1. Straight-line reach from Lys3: which lysines fall under 19 Å, measuring Cα to Cα and dropping same-chain residues less than 8 apart?
2. Summing -39500 (n - 2.57) over the DSSP H runs of n ≥ 4 in the chain and dividing by its residue number, what mean residue ellipticity at 222 nm do you reach, to the nearest 500 deg cm²/dmol?
3. Under a point-charge model restricted to the Cβ atoms of Lys and Arg (+1) and Asp and Glu (-1), what is the dipole moment magnitude of the chain relative to its Cα centre, in debye to the nearest 20?
4. Step through the table entries Lys2/Lys139; Lys189/Lys239; Lys239/Lys357; Lys239/Lys552, compare each Cα-Cα distance with 30 Å, and write down the pairs that go over it.
5. Just to check I understand the Karplus step: with θ = phi - 60° and J = 6.51 cos²θ - 1.76 cosθ + 1.60, what whole-Hz values come out for the range 369-380, glycine and proline as x?
6. May I ask you to give the solvent-accessible area per residue for the chain, in square angstrom, as obtained with a 1.4 angstrom probe?
7. Between beta-carbons, use under 13 Å as the cut-off and find the net charge around Cys201, counting Lys and Arg +1, Asp and Glu -1.
8. Mind listing which GluC sites (Glu not before Pro) in the range 436-467 are in a DSSP loop and have 13 or fewer other Cβ atoms within 10 Å?
Amino acid sequence: MKKINEILDRYHSDRTRLMDILWDVQHQWGYIPDKVLPAMADKLGTTEQDIRETYSFYHFFLGKPAAKHHIYLSDTVIAKMHGYQAVFDALEKETGCVFGAHEEVGPFCLETTSCIGLSDQEPAMLIGKEVFTRLTPEKIARIIHRLKNGETPAEIVNPNGLATDTLAYVHTMVESGIRSKGPLFFQGKTDFKSLLNRVICSPPDVVTKTVSESGLRGRGGAGFSTGLKWRLCSDNEEKTRFVICNADEGEPGTFKDRVLLMESPQEVIFGMITAGYAIGAQEGIIYLRSEYFYLKNYLEKQLAEFRAEGLLGKAIGGKPEFNFEIRIQMGAGAYICGDETALIESLEGNRGTPRVKPPYPVNMGYLGKPTSANNVETFVAVTHIIDKGASWFKAMGTAESAGTRLLSISGDCDAPGIYEIEWGITLNEVLKKAGAKDAWAVQVSGPSGECVSVEKDGDRKIALEDLSCNGSFMIFNRSRDLLGIVRQFTQFFVNESCGICVPCRSGNVDLFKKINRVIDGKACQKDLDEVVVWGKLVRKTSRCGLGGTSPKPILTTLENFPQLYQEKLVKQEGPLLPSFDLKESRRGYLEAISTLSDRSTS
């Protein structure tokens, strides 16, 4: 028990640091063994069941002994367009394992997982903290052969033994994929000391005013004014405040934050420092998704360099009252933690279930204190606004969408990757940049966004006042099975619902059944009418943004590609739906009768 006590002491037996403790336990034993739970519960002032309830919420925490190599294959729709099934089959063949089978602990275990932020380099997989991209059956054979011969995943991806806190190490696994630069991002080195002096020479409210005047709106998807969020946070009488960088980039098809963390980490950190000064916060936290574990040491090094330069810590810039630190908190695989209140729950060591609002985080956030949670891209934009001014930023874009933004483009195009575009550019212009020659449909903003028709919507502007975009752009040509893609997106939301509210927990399951009926040729017009009514109900009555957007894959394809659904419909004859199966509907009844009969005779 010495090891568990060392882990608990490392975090001062702080219950709110449970996520860190669980990760350290899993790294020590390979999973979270029951034998350590009594000591954890005793020292953390909780119960064993509470700890189990928390870790079971997260995809990457393991409650049973694990295989030596736990392999997670990304199963995105983009991966399935680029040889996923061949890679899936090769993994089963080479390891001798079956996906999802965990009965025996051996050298390998295979699981699928949702998007790991590499849609421009699919198929891709995780083995521990290492990632492997652009997989083929031949590549799988080589990797598994080397693992069987005793090499580690780290030795395979990093044969030269590069330090894990360097960008060169990250590049051994992942390409940046920057296709086009604009006036804002990836411009080169910034003089952060000079920039800090400009920040702290102005009163905090003036810094907030500058950000407000720039027109910057949050890049996480909601598009809320960043300056207004900071002002609401600093107006609070509570003096303990926090800044959170939401780096839980879980929306399938999105990978721009990964690239910013790789290529511009110091701009992210400086944006957080600026926010800390503006709102009077003492601590910042980067909530990093566990799929990006390979970035952690690299980001820790960036933070250390800022501390060495006097840009983090106490009396920053020689200003005695400006004390600000940043730490990294790893997530553990839960899409819902992209919601800011679910993320805060996770930071506090709980299941990532969204909170009911109000109160809003700016009033009562992390540990009940005023908290400003902003996206990675938002912080980088802040750094450049401070450098070049609010007017410079606002001169770009549209009336409601100032500046530029990054797009993660993947799918049927010649050049998937990262593109900086100015708000106001049309859908067709983006497709031309990416080399999408025969695009048919585009999923804008990931599964939670809209599926638009290139033919109908090609001239629409990418902007909050027209076609809003959170940074994900998945392109499909006419060879793609759009209804199959809708089914996978809906399945994704069924899997990722936290389950706390009925509309989301049950409604998404019902919608999933409906799309399956359509695909199986067992749906009629009444089914589609119910999809529309139920979809709107789920959107209006769900607790958080997941349920507020989860019906959109079905609803937007119904609106923009109605013929795909109509072609699959059958005619309803009589009062029963064509999908009604008398035998199946009686199955549960007959099982219940059989069970009761057995009990009565025993």
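The values are calculated or read from the model by the stated rules, or taken from the named source; none is laboratory data. As the structure is a prediction and not an experimental result, all values here were calculated from the model. Counting neighbours? That spans all protein chains shown, and the Cβs are built from the backbone with ideal geometry, glycine included. Heads up: the accessible areas ignore ligands, DNA and RNA and are worked out on the full protein's heavy atoms, side chains in. Shrake-Rupley method; radii C 1.70, N 1.55, O 1.52, S 1.80 Å.
1. Lys35, Lys43, Lys64
2. The helix-only estimate for the chain comes to -13000 deg cm²/dmol at 222 nm.
3. Its charge dipole is roughly 400 debye.
4. Numbers: Lys2/Lys139 42 Å; Lys189/Lys239 34 Å; Lys239/Lys357 22 Å; Lys239/Lys552 40 Å.
Distance filter (> 30 Å) returns Lys2/Lys139; Lys189/Lys239; Lys239/Lys552.
5. Couplings: 9, x, 9, 10, 9, 10, 7, 3, 5, 4, 5, 5 Hz.
6. So the chain comes to 42 Å² accessible per residue, rounded to a whole number.
7. +3
8. Values: sites: Glu450, Glu455, Glu465; in loops: Glu465.
Those that pass, being in a loop and sparsely packed, are Glu465.
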